[in-house]
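Computed from the coordinates by the stated procedures, all read-outs in this text should not be read as laboratory data. Since we're looking at a predicted model, the values are computed, not measured. When we count neighbours, we look across all protein chains shown, and the Cβ atoms used for this are built from the backbone with ideal geometry, even at glycine.
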């Protein structure tokens, strides 16, 4: 079995690029840090400057275009103790790690990797205590950074403490490690033993994988998914729709089908958040909806369960449908319980990249009027 991949954190070490190309990327990496490993970089066709895997992980000068916000979903509003967000009633999000196996160029938490991180850090003791004293929290999502980047003993210590809280029934781990470094699973039996101990009937553990393109589903990645399943873990996949990576219905169909075959059924498909540096990855909302609908047509029902959503500051907004001149949204999750399942209708806007683009256009046509959310009866 291959040894653990070698990490690469300096543009100068990207030997596949010409010296002039490396020089052009230094300013980008100074602002938005670069991190990868030789396993993942080996998936790139370096003769193709538009290679989708390259686009995921290698910096590009377009990232310096001024656009977006470092905290596009206003996560600071829901951070109640350092490292813990409580946005929805029964769910807490815990930032378990500050490091990832690599850094996605479209990362919506890139502020955490930057030298001028405006975040509040982490206090895992305070976060666990918050969960302990809030019995409504049945579901805890460990994210980061990437929790699977933690050494297994540190991860197990956190999992054990959360499993000792009776009302925590679901533990989820959000991770791109299966794509970036499947040897994290293949090469560490103690990690699988940990999952077997704590993913039990009635109190399952989930790994929310992050495959963005079919080529990431290598033989090693599929084997890692299989081992997690054998250890009692449920694997489901999340991906944004990303320009130049998977904004093609045939590519999305292939991704969804491969995921379903491997045992990592599609879960959420996200509209790319308006995060600083991310303009080059954006796909208009209505085009993304059409791509998504075409993609699932040739998939089994497992893939059709996926939801196309925006992680907006006000909640998780599903793109529910559209006509030639209207688009329909629904609050799949809402920070304000009064908006839960609320339904919204807007005039179509083919240029809109985010929910706010629809709201601002509505307000511009009817000054003083906010958007209306039709709640359940």
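When a/c is below 1.5 the answer is rounded, else prolate if a/b is larger than b/c, else oblate, so apply that to region 188-335 with a ≥ b ≥ c taken from the square roots of the Cα gyration tensor eigenvalues. Before the final figure, lay out the partial values.
Working: a/c = 1.98, a/b = 1.65, b/c = 1.20.
Here region 188-335 falls in the prolate category.
For the residues 185, 345, what sequence is obtained by ranking on other C-beta atoms within 10 Å, fewest first?
Working: 185 26, 345 15.
Ranked by crowding around the Cβ, least crowded first: 345, 185.
Would you mind ranking 260, 190, 209 so that the residue whose beta carbon has the fewest other beta carbons within 10 Å leads the list? Present the calculation step by step, with values, prior to reporting the outcome.
Numbers: 260 19, 190 11, 209 27.
In increasing order of surrounding Cβ atoms, one gets 190, 260, 209.
I want to check the label-to-label distance for residue 230 and residue 123. Put each point 7 Å from Cα in the C-beta direction and report it in nm to one decimal.
With each label point 7 Å from Cα toward Cβ, the separation is 4.3 nm.
So what is the calculated 222 nm ellipticity per residue for the chain, using -39500 (n - 2.57) for each DSSP H run with n of 4 or more, over all residues, to the nearest 500 deg cm²/dmol? List each step's numbers first, then the result.
Details: 13 runs with 116 residues, N = 377.
Taken over the chain, the calculation gives -8500 deg cm²/dmol.
Normalising by the residue count of the chain, find the relative contact order in percent from Cα pairs under 8 Å and 6+ residues apart. Walk me through the numbers before you get to the answer.
Values: 738 pairs, mean separation 50.3, N = 377.
Taking the mean separation of contacting Cα pairs over the length of the chain, I get 13 percent.
Restricting to the chain, what percent of DSSP beta bridges are antiparallel, rounded to 5?
On the way: 25 of 53 bridges.
Of the beta bridges lying entirely in the chain, close to 45 percent run antiparallel.
Measuring from centroid to centroid over Cα atoms, what is the spacing of region 270-346 and region 66-137 in Å?
Cα centroid to Cα centroid, the span is 22 Å.
Under a plain spin-label model, where a point goes 7 Å from the Cα along Cα-to-Cβ, how far apart in nm are residue 18 and residue 297?
The modelled label-to-label distance comes out at 4.2 nm.
Using Cα-Cα distances under 8 Å and only pairs 6 or more residues apart, what relative contact order does region 1-93 have, in percent? Write down the numbers at each step before the final one.
Details: 66 pairs, mean separation 20.5, N = 93.
Dividing the mean separation by the residue count of region 1-93 yields 22 percent.
Quick check: from the Cα gyration tensor, does region 57-208 come out rounded (a/c under 1.5), prolate or oblate?
oblate
Starting from the Cα gyration tensor of region 1-142, take the square roots of the eigenvalues, sort them a ≥ b ≥ c, and report rounded, prolate or oblate (rounded when a/c is under 1.5, otherwise prolate if a/b is larger than b/c, else oblate). Walk me through the intermediate numbers first.
Numbers: a/c = 2.72, a/b = 1.94, b/c = 1.40.
Prolate shape, in that a/c is at least 1.5 and a/b is the bigger ratio.
Please arrange 297, 310, 177, 208 by how many other C-beta atoms lie within 10 Å of their C-beta, fewest to most. All intermediate terms of the calculation are to be shown ahead of the outcome.
On the way: 297 10, 310 26, 177 23, 208 20.
With the fewest neighbours first, 297, 310, 177, 208 line up as 297, 208, 177, 310.
Mean separation of Cα pairs under 8 Å and 6+ residues apart, divided by the residue count of region 151-301: what relative contact order is that in percent? Could the numbers behind the result be given before it?
Working: 226 pairs, mean separation 31.0, N = 151.
Once divided by the residue count of region 151-301, the mean separation gives 21 percent.
R0 = 22 Å: FRET efficiency of residue 50 with residue 290, Cβ-based, nearest 0.05? If you can, show how the numbers build up before the last one.
Details: r = 22 Å, r/R0 = 1.00.
The pair residue 50/residue 290 has a calculated efficiency of 0.50.
Note down the nm distance, to one decimal, between modelled labels 7 Å out along Cα→Cβ at residue 190 and at residue 64.
Placing both labels 7 Å beyond Cα along the Cβ direction yields 4.4 nm.
Alpha carbon centre of region 13-52 versus region 197-222: separation in Å?
Each part reduced to its Cα centre gives a spacing of 27 Å.
Starting from the Cα of residue 197, move 7 Å in the Cα-to-Cβ direction to define the label point; list residues of region 130-170 whose amide nitrogen is under 16 Å from there.
Only 151-165 fall inside the zone, counting backbone N under 16 Å.
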